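Reading through the structure tokens given below for one structure.
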Amino acid sequence: TLHLTPNFASTVGPNGAVAKPVPLPARPVLVEPVKDRTYNVGDRPEKIRFSWKGPTSVDTYHVIIARDPGFDHVVYDAHVGTPELRYGNLERGTYYWRVSSVAGGLEGAYSEPERLNIVQDREPPVLEFHVSEKGRRSHTITLTGRTEPGAEVFVRGRRIPVTATGSFQF
């Protein structure tokens with residue numbers, strides 16, 4: 001008889017020998033996308049960055065993305081070698097994701113699941129901007145403005161940071 005405490009595992013060899021209990025890999029903590037994040041996509045789905053913090057001494061991480069919180073309708077199930085995944089095949093709808101750590105053939109508990117939403121937005125974002133010169137003889141101008149949160153702004157091919165509220169300055 002072997003008594004196992006939570007988050008420990010043991011193996012039984014072909015000859016019936018029972019191995020000493022060892023701890024399971026630690027449960028990862030999901031980082032991105034944050035809880036209930038909504039992604040607005042146009043005609044084609046964007047690649048979404050999934051990331052998490054987990055133990056570094058693992059063989060792989062087991063990532064599952066599903067359409068339901070019970071993970072019965074799985075759309076992605078794979079093992080990856082780093083604590084990050086970029087995935088771009090999610091259509092409109094609500095999804096749930098979770099990750100576990102795998103080391104030495106043992107899989108630990110799954111992270112707490114998180115939800116994300118994919119909506120299709122075909123309307124171009126509103127763009128308001130103002131150009132101001134620094135001085136009469138200066139060759140410097142400042143561009144400030146506002147757009148939808150999550151939109152991207154480019155000036156001469158250079159991406160300009162947009163705040164969480166949609167404002168920007170260049």
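The values are calculated or read from the model by the stated rules, or taken from the named source; none is laboratory data. The model shown is predicted, which means the values in this text are computed figures rather than measured ones. FYI the Cβ positions are ideal-geometry reconstructions off the backbone, even for glycines, and counts take in every protein chain you see. Only protein heavy atoms, including side chains, enter the accessible area calculation; ligands, DNA and RNA are left aside. Shrake-Rupley method; radii C 1.70, N 1.55, O 1.52, S 1.80 Å.
Values as computed for the structure displayed
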item	result
Net charge dipole size for the chain [Lys, Arg +1 and Asp, Glu -1 on Cβ; Debye, nearest 20]	780
Centroid-to-centroid separation of region 79-141 and region 1-33 [C-alpha atoms, Å]	33
Cubic angstrom per residue, convex hull over Cα atoms of the chain	161
Stretch gain in nm, segment Thr144-Thr1, where the contour uses 0.36 nm per residue and the Cα spacing is subtracted	44.4 nm
Compactness index (Cα Rg / 2.2 N^0.38 Å), region 6-104	1.33
Residues Phe8 and Tyr110, FRET efficiency given R0 of 22 Å [Cβ-Cβ distance, rounded to 0.05]	0.85
If the convex hull is drawn through the Cα atoms of region 70-152, its volume per residue in Å³	179
Range of Cα positions in region 3-64 per principal axis (Å), largest first	58, 21, 19
Arg49-Ile160 pseudo-label distance in nm [points 7 Å out on the Cα-to-Cβ vector]	2.2
Distance in nm between pseudo-label sites at Thr94 and Glu32 (7 Å out along the Cβ direction from Cα)	2.5
Solvent-accessible area per residue, Å², over the chain with all protein chains present [probe radius 1.4 Å]	68
Net length gained if the chain between Asp72 and Glu133 were fully extended (0.36 nm per residue, minus Cα distance)	16.1 nm
DSSP-assigned coil residues among trypsin sites (Lys or Arg not before Pro) in region 1-89, each with at most 16 further Cβ atoms within 10 Å	Lys35, Lys47, Arg67
Accessible surface of region 1-125, 1.4 Å probe, proportion on carbon and sulfur as whole %	50
